[in-house]
Amino acid sequence: MTRLFGTDGVRGLANVDITAELALKLSVAAAHVLGDDARQEGRRPKAVVGRDPRASGEFLSAAVVAGLASAGVDVYQADVLPTPAIAFLTADTHADFGVMLSASHNAMPDNGIKFFAAGGHKLDDAIEDQIAARMDVDWERPTGPDVGRVVSMKDGHTRYLAHLLAVLPNRLDGLSVVIDGAHGAASAVSPEVFRLAGATVHEIGTEPDGLNINDGYGSTHLARLKAAVVAKGAALGIAHDGDADRCLAVDADGQEVDGDQIMAILAVALKSRGALAQDTLVATVMSNLGLLQAMQREGIAVRQTAVGDRYVLEDMRASSYSLGGEQSGHVIFLQHGTTGDGVLTGLMLAARVAETGQSLAELATVMRRLPQVLINVPNVDKSRVESDEDLQQAVKAEEEELAGSGRVLLRKSGTEPVVRVMVEAAEHDQAQAVAERLVEVVKARLSL
């Protein structure tokens, strides 16, 4: 049976997969599961609700708010704010849970619903499954004064800005920055906080109309940002996705600085201030080998997790590490937030440029990205990736040939009969050749 919740909430085509009816039922179920502690303590549950600016978020958030209030939850509507802002406000207001309506970097027709537990933490699978199981359970409806109240959280924006400014290690005076808001949830917040921190800000992708989110702008479409940085003579550019939980960057020459390079720069910065817990960075198995090599040179250990920022966060919380993230630009500062925060990441990166007086390009030389080739092999029995001896022997032989100057990673898709073959090597042609040889082995050994 297919799980209702995916890797980051419930997501799909708005008004087809993600309907008002689903949003209503899901919010009622969440009210019962996530508000249970409050009821046992004899108080009314409280929830913070936010959304990104896509058009479908208007009716979906109305359905979520209606469901929560009908189940006796007091709702604080934060309206359009980044996902990490809703996580922060959930913790900062001591709410019992938070709800964010967003499909992140997906195109406008999609939307999604994700929940945060008390403290602003993402839910684990077991809690998500409890919510899904409660959706069709009869419940006693509160009446009279016991129904939830709905209020506008007018200070949510300023509280989040104050939080960001409070954790910034130094000001950005004299720094010229281009912000690409993806016409998304960071369109107002990110340019404002950079200006408050002292930067000169040029904006693109910051005019959301409900229909243009992620459309040619943002972290998945960097061409306009690269051109704008060069045209404005800016020191760097910052690109967010639709809900602003990630950040990619562009240097003064218009060259991309990806999540691995950002993590390398920030890990070195934190270590220099004695703020990198246990001198350790947490990344996923998809991070470039160049990151691991760079961190080894800098005396920084790297722990690797499964792909997904939730797994990075789990490892960070278990051992109290302070910095972790993904190549895609999800970066988590555990001391300052409970989820990836693209605005905070951009601020911290800009702060390092301002602090050192070095260009972003110079800072990014801390690591060299090894050429990486990724090939998806469809229509194969992914369940036998680890158990097929001939395939594993082929992988071992290729790794020996690379002799420590590269690596091989075979990953199973979580949703499709697909095996992903990823190879890194010192030269692109070598990585391509190794990947193509392994693709043929995967097809021969795992074909359905």
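The values are calculated or read from the model by the stated rules, or taken from the named source; none is laboratory data. Not measured: the values here are computed from a predicted model. Methodologically, a virtual Cβ is constructed for each residue, glycine included, from the backbone with ideal geometry; neighbour enumeration extends over all protein chains shown. With ligands, DNA and RNA removed, areas are computed over all heavy atoms of the protein, side chains included. Shrake-Rupley method; radii C 1.70, N 1.55, O 1.52, S 1.80 Å.
Tabulated results
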{"quantity": "Cβ-Cβ FRET estimate between Ser405 and Asp125, R0 fixed at 45 Å, reported to 0.05", "calculated": "0.75"}
{"quantity": "CD proxy at 222 nm, helix term only [per DSSP H run n ≥ 4: -39500 (n - 2.57); per residue of the chain; nearest 500]", "calculated": "-11500 deg cm²/dmol"}
{"quantity": "Of [x] 41, 29, 19; [y] 37, 24, 22; [z] 36, 29, 20, the label for semi-axes √(5λ) of the Cα gyration tensor in Å derived from the coordinates", "calculated": "[z]"}
{"quantity": "Segments 9-20, 76-87 sorted - mean Cβ within 10 Å per residue, highest first", "calculated": "76-87, 9-20"}
{"quantity": "With Cα atoms, 0 to 90° folded angle of helix 309-319 axis to the chain main axis", "calculated": "90 degrees"}
{"quantity": "Two-decimal ratio, the stretch 279-329, of alpha-carbon radius of gyration to 2.2 N^0.38 Å", "calculated": "1.03"}
{"quantity": "Tilt relative to the chain, helix 56-70 - C-alpha long axis, 0 to 90 degrees, to 10", "calculated": "50 degrees"}
{"quantity": "Degrees, to the nearest 10: 389-402 long Cα axis against longest axis of the chain", "calculated": "60 degrees"}
{"quantity": "At R0 = 30 Å, FRET efficiency that the Cβ-Cβ distance of His428 and Arg273 yields, to 0.05", "calculated": "0.25"}
{"quantity": "Test item: Cα-centred dipole of the stretch 188-326, Lys/Arg +1 and Asp/Glu -1 on Cβ, debye", "calculated": "480 debye"}
{"quantity": "Surface per residue (accessible, 1.4 Å probe) for the chain, Å²", "calculated": "41 Å²"}
{"quantity": "Cα-based Rg of the stretch 135-204 normalised by 2.2 N^0.38 Å, two decimals", "calculated": "1.78"}
{"quantity": "Beta bridges per DSSP with both ends in the chain, % antiparallel, nearest 5", "calculated": "55 percent"}
{"quantity": "Packing-based order for 337-346, 132-141, 290-299, using average beta carbon neighbours within 10 Å, highest first", "calculated": "337-346, 290-299, 132-141"}
{"quantity": "Surface share of carbon and sulfur [accessible, 1.4 angstrom probe, percent] for the chain", "calculated": "48 percent"}
{"quantity": "Rg(Cα) / (2.2 N^0.38 Å) computed for the stretch 244-303, rounded to two decimals", "calculated": "1.14"}
{"quantity": "Over 31 Å between alpha carbons, listed pairs Lys154/Lys232; Lys46/Lys226; Lys122/Lys271; Lys122/Lys396; Lys226/Lys412; Lys114/Lys396", "calculated": "Lys154/Lys232; Lys46/Lys226; Lys122/Lys396; Lys226/Lys412; Lys114/Lys396"}
